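Reviewing the structure listed below.
The values are calculated or read from the model by the stated rules, or taken from the named source; none is laboratory data. In this text, all values refer to a predicted model and were calculated from it rather than measured experimentally. Methodologically, a virtual Cβ is constructed for each residue, glycine included, from the backbone with ideal geometry; neighbour enumeration extends over all protein chains shown. Note: areas computed on protein heavy atoms with side chains; ligands, DNA, RNA excluded. Shrake-Rupley method; radii C 1.70, N 1.55, O 1.52, S 1.80 Å.
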Amino acid sequence: MLPKKMSWLLVLVLMILSLVAAQCGGATPTPVAPKEEPAKVEPTKEEVKVEPTKEEVKVEPTKEEVKAATAVDLPDLAGREVTIAVENAYLPFNYVDLKTGEPGGWDYDAWNEICKRLNCTPKYVEAAWDGMIAAVAAGQFDAAADGVTITEERKGVVDFSDGYIEIKQRLLVRKDEARFDGAETFAANKELKIGSQVGTTNYQTAEKLVGPDRVVSFNDFGLAVQALLSGDVDAVVMDETAGQGYVGVNAEKLALLGAPMDSGALGFIYPKGSDLVEPVNKALASMKADGTLDKFAQKYFSANFTLTYEDIGPGAYVEPVTSTETITATEATTSAEAIELPDLAGREISIAVENAYLPFNYVDLKTGEPGGWDYDAWNEICKRLNCTPKYVEAAWDGMIAAVAAGQFDAAADGVSITEERKGVVDFSDGYIDIQQRLLVRKGETRFDGAETLAANTELMIGSQVGTTNYQTAEKLVGPDRVVSFNDFGLAVQALLSGDVDAVVMDETAGQGYVGVNAEKLALLGKPLEGGALGFIYPKGSDLVEPVNKALASMRADGTLDKFAAKYFSSQFTLTYDDIAPAATAVPATTEVPPTVEVVPAATAVPPTAVPATEVPLPVEPTQVVDEHAANQ
């Protein structure tokens, strides 16, 4: 055993050696666990909170992050006002809520956001679908937002934005429908008719599905759905979203049937060359990148959206109380009110009308009263301009020459605007677009349209001389195969008797003749040429500008659309059997109402001037060519 003194000495030596080892042992691991080792540190309460919170998960990227991610440099439009045409009758894109009186829909949310990002001011102007594309093409609006499908044909007249949503087309049917289960079985049953709105891709889809002869045209989808409910058509082709709206209103009566048909992207439209295309596309790109478009889709294209067509106003199809009615909570008629209409101080305007051209002008045999689109339009024009219309009955043959000579102040007879005619008369702005069609016997199987008719050199076409229809016929088959007639009634008689194989005429007139002869006649094939109709005046007339302003105000406040719904839909039921022969017959004072003066055109072409190719037909007394007019 070591002495006590030696023990303390040994302890002291050991302590010194331990200190020396500690100073020299940097490369030697120590048994002490380092504080920083993550594996051995339990997470504290504060460290657990570092994970994303519920709120942090939902935070959308900032503008700076979106801009960096998409490399979109959004331009500044410096508060510029942008006029945007909307229908206010197309769920869920645009509408006016009846409860609140406020406009809403995908289009409103989208354009409000676009202008927020581009620093512009959206100005929404209510306008009907029929004519909207043409109005934008003419520069009447800066843009239109109405669920417009992007097509190559439309790209020829307007510019499109990038597509912002894909829409599928569906068949809307009566709920108890058991005769077919989709598009294929519908097409196979040749007794079934399909309805759709004219001028839409839905209408084109319907024609592709069953051919034009089995498609019934309507000026708006509301009328088509009414026809479906009443049994006049068996299905309606429309966009799925719109169909869901109608089903919502009529859940016990209507349903969407079968698989989706054609689909396509929707885009905004602009006049050709618009400087808005690129800025809006950039805004849409940024809205797609940051989730805004997805948010709108969730709002309007899901169960979250519960509005139905019973909950919204008629939009562009409202019947104005007066010519300056303002639609609540929208600027639908702002442009109409902004148009300063001149005062013509009660001036009398003589207006030539044929009174034999449905639905533009006629004399109703039951009432003896004149009527038609032309009468309604000119009565309204003179109401706005403070003038007095005086309607003068005159045959079409010679009407343009008579106006050019100053015999009438104007003429209203569905006159197509052409460059050739502009050389002799002045035109109003176009007020409606009309397509030309082939009228044929119902059992026609030798041809199925214009091309196959033209290819068969044995076939003859009839039409009325001096019309654009006659010119179209000549372009189609050459003058040697065109038979001329002084009026369309004679041409149709020749068709029924087999003297001609088809008649070229405006679609509206053709529908009238089909109405009279539903078992004998039909409109065949795709539309031929189309064009705008206008009123005509003597060269240099001081009426052109005032009437154009009146027409513009009538277009802006929905009056022209109201007339279109009245005369170019199933609401109009008059046929040529219901009207007097008027200017194309020997005048009989008992058949001409006292409000219409009969003044034969001094320049009318005599019957002997009609080319010898005219087919001689037995003529009833009421269809004799107006000889006293020809002898003036």
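When the residues of segment 494-520 are narrowed to those that are in a helix (DSSP H, G or I) and at pLDDT 90 or above, which ends up farthest from the chain's Cα centre (by Cα)? Only one residue tops the list, namely Ser497. Scanning segment 256-270 finds no residues that are free of Cβ contacts under 8 Å to residues at least 40 places away in the same chain and not in a helix (DSSP H, G or I).
Condition test on Asp426, is it assigned to a strand (DSSP E or B), touching a residue at least 24 places away in the same chain (Cβ under 8 Å) and touching a Phe, Trp or Tyr at 6+ places or on another chain (Cβ under 6 Å)?
When the stated conditions are applied, Asp426 passes them.
Applying the criterion of being in contact with a Ser or Thr (Cβ under 8 Å, 6 or more places away or on another chain) and of a type in the set (Val, Ile, Thr) to the residues of segment 118-157, the residue that is farthest from Phe218 (Cα to Cα) is Val125. Please work out if Thr388 is open to solvent by 10 Å² or more (accessible area, probe 1.4 Å), without any contact (Cβ under 8 Å) to a residue 60 or more places away in the chain and out of contact with any strand residue (DSSP E or B) (no Cβ under 8 Å at 6 or more places or on another chain). So Thr388 does not fit the description; no. Within segment 203-255, being more than 17 Å from Thr185 (Cα to Cα), in a loop (DSSP other than H, G, I, E, B) and of a type in the set (A, V, I, L, M, F, W, C) holds for one residue alone: Ala251. State whether one or more residues within segment 319-333 are closer than 21 Å to Leu118 by Cβ, open to solvent by 20 Å² or more (accessible area, probe 1.4 Å) and modelled with pLDDT of 90 or more. Looking through segment 319-333, none of the residues is closer than 21 Å to Leu118 by Cβ, open to solvent by 20 Å² or more (accessible area, probe 1.4 Å) and modelled with pLDDT of 90 or more. Would you confirm whether any residue within segment 436-458 is in contact with a Ser or Thr (Cβ under 9 Å, 6 or more places away or on another chain), under 22 Å from Phe572 (Cα atoms) and either modelled with pLDDT of 90 or more or crowded, with 16+ Cβ neighbours inside 10 Å (or both)? Within segment 436-458, one or more residues are in contact with a Ser or Thr (Cβ under 9 Å, 6 or more places away or on another chain), under 22 Å from Phe572 (Cα atoms) and either modelled with pLDDT of 90 or more or crowded, with 16+ Cβ neighbours inside 10 Å (or both). Screening segment 141-188 for residues that are without any contact (Cβ under 8 Å) to a residue 40 or more places away in the chain and either farther than 22 Å from Ala224 by Cα or small (Gly, Ala, Ser) (or both) and picking the one that is surrounded by the most Cβ atoms within 10 Å (Cβ to Cβ) gives Ala187. Only residues that are small (Gly, Ala, Ser) and either part of a helix (DSSP H, G or I) or under 30 Å from Ala178 (Cα atoms) (or both) were counted across segment 271-296, and they come to 4. Within segment 109-125, can one find any residue that is surrounded by 14 or more Cβ atoms within 10 Å (Cβ to Cβ), under 23 Å from Asn250 (Cβ atoms) and of a type outside the set (Lys, Arg)? For segment 109-125, residues surrounded by 14 or more Cβ atoms within 10 Å (Cβ to Cβ), under 23 Å from Asn250 (Cβ atoms) and of a type outside the set (Lys, Arg): absent.
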